Each structure stands twice: as structure tokens, then as C-alpha cells.
Amino acid sequence: KVKDLGRNGFSFYDESMNLDVQRNFALNVRLHQAVQQGDIEIYYQPILDLTSRKIVAAEALMRWTDSELGYVSPEDFIPLAEKNGLIHRLGDIVLLEACTQAASWQTISPIKIAINFSSVQFRYCEQLQSRIVDVLMQTGLPAYQLDMEVTESLLIDQGHALMKMLSYLKQLGVGLSIDDFGTGYSALSYLQRFSFTKLKIDRAFINNMTTCSSDASLVSAILAMAKSLKLKVVAEGIENEQQALFLQEHRCEYGQGYLFSRPVPAAEFTQLLLRDQKDASLGQQVERVS
Ligand code: C2E
Ligand code: MG
Ligand code: MG
Ligand code: MG
């Protein structure tokens, strides 16, 4: 009887909602453990110069495989970490590990490291700024080799402290990219005010670009706009040669996607860099011979 009363009292509380709450609770517990035990891994996806097809940067992407829950996508655990505050520790982990890694890659090739930052991390601007400066000093990575990727949601409530921090980092030489461009907040005037250095076209547009003429027009319009604002462009989610060629023809500087490589562990990324270097020296030999 008590059970029945309970059911009636919470009639809005259906079974599927109960499952969501349970899953989120479990995710929360497991994520805390994963952070504590060092189970969060960082993978790296190459960003290429579309003309030379050489690697110019690596984007650091978090990976988490839980022993019970299996692979959990960052699209699921990042929003959770933003709610429970773990994003600050996660952000710290990726910042230190990726900068350390990038510093060691400098002996092979002077590539940049692109790191994603959540808008929530900017709530404590001063701490974030000094952490970034500390990590650059500690790892010896030159500031201009670091690109910060942020989404348009950062720009919704832009305070004085944020503007101050971004202009300070810009003076140091740190790059600022707008990620997932075209999917968020749409007042374009912010592009000028924030002095971004790069714009990353969301993969949703790249996906259909060669089959849907309106997406093709959007991509060429974004490229034209970026050119006149002196922003470099990275196209995300390039999966076939047709897309790469379309982008090359429309003077898009950089590209990233499964066509070139999926995100891979650091050791595999090192192999990709070494292969790039070997190809380059082979190319020089051929030039010298001919
Ligand atoms: P993002 O920053 O836009 O990263 C690009 C996403 O596109 C990655 O998904 C990447 O694996 C995926 N991708 C790259 N090329 C292709 C392709 O050719 N086809 C398809 N279908 N997908 C491609 P991932 O690794 O699952 O990450 C999803 C999002 O999670 C990221 O989107 C970023 O917003 C967030 N994220 C990942 N790592 C971090 C992190 O360290 N910090 C923060 N704050 N967010 C992160
Ligand atoms: Mg990104
Ligand atoms: Mg993106
Ligand atoms: Mg994304």
C-alpha cells in the first residue's frame, strides 16, 4: 500500500527517468574514481596543412574506458564533469600531459598542440591563466605552440576578467581557436572583439558539403569571411578525398578527420610524425637527384 501511495505521489517519475538518474549517478562515481586512479587517457588527432598534407598540429582529446561501463564518450562525461566541478581537474590533466607531450615532439617537428577548454574552466580566469603560464614554463613549450580551443558558449557572458586573460595570453603568443563554428551563438561581431587566430568549421557542414549544395555554399561563405578577417581555417571531420579536394580548392588552410587519421595514443602519433619526416627527406633526395 505504501508503495502504491508512493507511485501515485510521484506519477511523473517514470521508469526511464529513474534509469537516467541511476546511470548518471553511476557515471559520476566512476568518473571520480577514474580521475583519482589516473584512468583518463589523452589521444591525439593530427591536423594537416591541406596543401602539403603534412602534420602541423595535434588536437588532444580525452579518452575514458571504464572497466564496467566500457567506453564513455567525452560528449557524455564532459558535460557531467562541468556540472560536478571535475572539469577543473580534468582540464589540468589534459593541459599538463598534452603540453609535456608536445614539448617532446618538438625534436621531431615544430608542431602545435590544440587543447579544448570548457567555458566552465574560465569561471576562475586568474587561476586558469596562471596554470597555463606555469605549465608552459614547466614543460618548456613555447607559447606560440599552444592553441586553445573554445566554443561560442564562452562568449555568452563575457566579463572584463575574461577579456583581460585572453588578451594577456594572446600577447604571450598563445593561439585562440573558435571550435565547432557555425553551431552555436551567432552574433558574428564577437569574432573581431576576441581576436581569434583560427576558426574550426564544425564537421556537420563538412559531412554533406560535397552532396548538398547549400552546405557547400555555407562552407565557401565561411571561408571567404574568415579570409577577410585574417583567420586561418581548420575543417573538422574530413572523411574522404572529395571533401579534402573541395576544401583545398576553396583555400581552406588546414584539415582534420578520419581520412588522415583517427585520434591515436601518443606513441602512435610519434610514428605518424616520424613517417611525415621520412617522406619529407625522401622528397628532398628525389629533388637533389633530379
Ligand atoms: P571537438 O573538440 O570538436 O573534437 C572533434 C571531435 O570530432 C572528436 O570527438 C574527434 O574524435 C571527432 N572527429 C574527428 N575527425 C572525425 C571524422 O572524420 N569523423 C567523425 N565522425 N568524427 C571525427 P571526441 O574525441 O569524441 O570528442 C568530442 C568532444 O568532446 C570534443 O569535440 C570536445 O568538445 C570534447 N572534448 C574532448 N576532449 C576534451 C578535453 O580534453 N577537454 C574538453 N573541455 N573537452 C573535450
Ligand atoms: Mg576541439
Ligand atoms: Mg570541434
Ligand atoms: Mg565538437
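Entry remark, region 154-178: residues being part of a loop (DSSP other than H, G, I, E, B) and either acidic (Asp, Glu) or within 18 Å of ARG123 (Cβ to Cβ) (or both) number 4 in total.
Does ALA58 satisfy the condition of being within 24 Å of ASN116 (Cβ to Cβ), modelled with pLDDT of 80 or more and in contact with a helix residue (DSSP H, G or I) (Cβ under 7 Å, 6 or more places away or on another chain)? Judged against the criteria, ALA58 is a match.
Any residue that is assigned to a helix (DSSP H, G or I), within 16 Å of ligand 3 (Cβ to nearest atom), modelled with pLDDT under 95 and surrounded by 16 or more Cβ atoms within 10 Å (Cβ to Cβ) - is there at least one of those in region 136-153?
There is at least one residue in region 136-153 that is assigned to a helix (DSSP H, G or I), within 16 Å of ligand 3 (Cβ to nearest atom), modelled with pLDDT under 95 and surrounded by 16 or more Cβ atoms within 10 Å (Cβ to Cβ).
If the condition is being open to solvent by 20 Å² or more (accessible area, probe 1.4 Å) and touching a Lys or Arg at 6+ places or on another chain (Cβ under 8 Å), then region 164-180 contributes only ASP180. Considering each residue of region 220-227 in turn, at least one proves to be more than 16 Å from SER52 (Cβ to Cβ), in contact with a His (Cβ under 8 Å, 6 or more places away or on another chain) and among the aliphatic types (A, V, I, L, M).
Need at least 2 residues that are within 16 Å of ligand 2 (Cβ to nearest atom) and within 22 Å of the chain's Cα centre (by Cα) per element, so show me which helices (runs of 4 or more DSSP H) inside region 202-290 make the cut, counting only ones lying wholly within it. Walk me through it before giving the result.
Values: elements: 203-208, 213-228, 241-249, 266-289.
Of the helices (runs of 4 or more DSSP H) lying wholly inside region 202-290, those with at least 2 residues that are within 16 Å of ligand 2 (Cβ to nearest atom) and within 22 Å of the chain's Cα centre (by Cα) span 203-208.
Quick check on region 234-250: of everything there that is open to solvent by less than 10 Å² (accessible area, probe 1.4 Å) and within 14 Å of THR211 (Cα to Cα), which residue is farthest from ligand 1 (Cβ to nearest atom)? Taking the candidates together, the pick is LEU247.
Can you find even one residue in region 14-28 that is in contact with a Lys or Arg (Cβ under 6 Å, 6 or more places away or on another chain), open to solvent by less than 80 Å² (accessible area, probe 1.4 Å) and at pLDDT 65 or above? Among the residues of region 14-28, not one is in contact with a Lys or Arg (Cβ under 6 Å, 6 or more places away or on another chain), open to solvent by less than 80 Å² (accessible area, probe 1.4 Å) and at pLDDT 65 or above, which makes the answer no. Say we look at region 62-80 and pick out the residues that are touching a residue at least 12 places away in the same chain (Cβ under 8 Å) and among the acidic types (Asp, Glu); which of these is farthest from ligand 1 (Cβ to nearest atom)? The residue in question is GLU68. For region 76-96, the condition holds for no residue, the condition being that it is of a type in the set (Phe, Trp, Tyr), over 14 Å from the mean Cα position of the chain (by Cα), open to solvent by 20 Å² or more (accessible area, probe 1.4 Å) and farther than 30 Å from PHE246 by Cβ.
The values are calculated or read from the model by the stated rules, or taken from the named source; none is laboratory data. Keep in mind that this is a model prediction, so the values were computed, not measured. Cβ: placed from backbone, ideal geometry, glycine included. Neighbour counts: every protein chain shown. Ligands, DNA and RNA are excluded from the accessible area calculation, which covers all protein heavy atoms including side chains. Shrake-Rupley method; radii C 1.70, N 1.55, O 1.52, S 1.80 Å.
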